[in-house]
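One structure below.
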Amino acid sequence: MAPSRPSRANINAWSRQWHVAEEFEHCATCHKAFKAVSGNYFVRLAGLAYSFWHIHMLFDLATRIVLEVYRADMAPAERRASIKREKRLARRQLGICCPNAAACDALI
């Protein structure tokens, strides 16, 4: 009999386990480095807030660039419909994060 080849499901399961192990290692390394540098809980919170802000700004920039290219060849009616869909999606996403609908509308 020929030796059996590993199935795709087994390879995918192994790669997920490997990824989880690497993420755990990264987390442990970052925690050790943070403890060695500062260990201050408020510095940690400030770093978290900054990283959320920074990532949000990068995602926002990428979204604007992609939508600008995507909408370049659209007819005016298609462009208006696309902008309307984008605003509706943003309102729905904010509704998940922001329980006060009036405050969410002010952000858009």
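What follows draws every value from the coordinates through simple rules; no lab data is involved. Predicted, not measured: the structure shown is a model, and the values here were computed from it.
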Problem - Full-stretch length increase - TYR70, CYS98 - with 0.36 nm per residue and alpha-carbon distance subtracted - result: 7.2 nm
Fill in the blank from the handout: Going residue by residue through the stretch 18-30, the Karplus relation 6.51 cos²θ - 1.76 cosθ + 1.60 with θ = phi - 60° gives ³J(HN,Hα) values, rounded to whole Hz and with x marking Gly or Pro, of 4, 4, 4, 5, 5, 5, 4, 5, 4, 4, 5, 5, 4
Problem - In sequence order, calculated HN-Hα J values of the stretch 83-90 (Karplus, 6.51, -1.76, 1.60; Hz; x Gly/Pro) - result: 5, 5, 4, 4, 5, 5, 5, 4
